[in-house]
Amino acid sequence: MSNPTAAMLVIGDEILSGRTRDANMHYLAGELARVGIDLEEVRIVSDKAPRIVAALNALRADYDHVFTSGGIGPTHDDITADAVAEAFDVGIDVRDDARAILAAHYQRTGLELNAARLRMARIPDSAALIENPVSSAPGFTLGNVHVMAGVPAVFQAMVASVLPGLQGGAALYSQTLCIHRGEGEIASALSDLAKAHPDVSIGSYPFQRDGAFAVNVVVRGADKAVVDAVMVALCAHFPEIAA
C-alpha cells in the first residue's frame, strides 16, 4: 500500500515579502517522512481570505492531510481560522474550552485576557483542538486540515501533538553520496540506475564550492536493503570521485 499523502499551506505576507524565512516546511517534511506520510505539495499564500480558502479547498480535496502554518494569532491580519471556517462552510466563535486554556495561561503569567488575545479562542464549529504546550493558544483540526501557528517553536510543538494520532505508512530511509562532477557528467548513469530501481527515488542536487561543481545524490526508499544496493552501485560507477 502507498503511504498517506500530505500538503502544506504556508500563510503570511511576511513570507512572500521576504521579511521572514520559512522554517516550518523543512521541519514538517522531516517529521512526516519519519512517520511514513508523503509531503507532496507546499503552497504559500498571502493574508487574503479568498486566496486561503481557494488553496485550502484545492489541497484538502487532493491529499489525505493538509497542514497550515500561520495566521492564528491575536492581530487583525490573523484570519486563518475564519478562512478555514469559510472553506468548510461552518460557523466560528469563541469556544469555552479554548477560552479556558487561554484564561488559565494568562492567569499564570499575570497578563490580561483582553479582546485581542481572546481572538485566539475563536475555533470553527466541530474542530478538535491541537495542544500548544509552548504558549497555550491552541491550533485545531477540522476534517483533514490541521491548523497551526507560524512561530517555529509553536509549530513544532503542535506537530508533535498531532502526529501520534495520524495513520502513517512506511518511513523513508535515505542515503546521500557527494560526487565531485557536474550533473551533465553523471546524468546518464543516474538515469540507468533509476530505471533499474523504480522502487526508490534518486534525486540529484547540484552545488558549487570553491569554483568547482559537485552533486549530492540522494537515494530514498522504504526498503533499506534496496537503498543500500543502489548506493553500492553508485559508488561502483564513480569510485574515484565519491566522497
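The values are calculated or read from the model by the stated rules, or taken from the named source; none is laboratory data. Fair warning: this is a prediction, and the values are worked out from it, not measured in the lab. Ideal geometry is used to build each Cβ from the backbone, glycine not excepted, and the neighbour counts take in all protein chains shown. All accessible areas refer to the heavy atoms of the entire protein, side chains included, with ligands and DNA or RNA removed. Shrake-Rupley method; radii C 1.70, N 1.55, O 1.52, S 1.80 Å.
A few remarks follow.
- Hits in the stretch 206-238 - residues which are open to solvent by 70 Å² or more (accessible area, probe 1.4 Å) and farther than 23 Å from residue 36 by Cβ: 206, 208, 209, 210, 213, 232, 236, 237
- Residues that are of a type outside the set (Gly, Ala, Ser) and under 17 Å from residue 6 (Cα atoms) are absent from the stretch 109-120 altogether.
- Those strands (runs of 3 or more DSSP E) of the stretch 1-97 in which 1 or more residues are of a type outside the set (Phe, Trp, Tyr) and open to solvent by 50 Å² or more (accessible area, probe 1.4 Å) occupy 38-45, 92-94.
- Across the stretch 178-195, the qualifying residues are those that are among the small types (Gly, Ala, Ser) and touching a residue at least 24 places away in the same chain (Cβ under 8 Å), and the one among them that is farthest from residue 207 (Cα to Cα) is 189.
- Filter result for residue 33 (aliphatic (A, V, I, L, M), in contact with a helix residue (DSSP H, G or I) (Cβ under 7 Å, 6 or more places away or on another chain) and at pLDDT below 95): no
- For residue 191, the stated conditions do not hold, so it cannot be described as hydroxyl-bearing (Ser, Thr, Tyr), open to solvent by less than 70 Å² (accessible area, probe 1.4 Å) and closer than 30 Å to residue 67 by Cβ.
- Among residues that are charged (D, E, K, R), modelled with pLDDT of 90 or more and out of contact with any His (no Cβ under 7 Å at 6 or more places or on another chain), residue 228 is included.
- Subset tally (residues that are more than 27 Å from the chain's Cα centre (by Cα) and either in a helix (DSSP H, G or I) or under 26 Å from residue 50 (Cβ atoms) (or both)) for the stretch 98-117: 11
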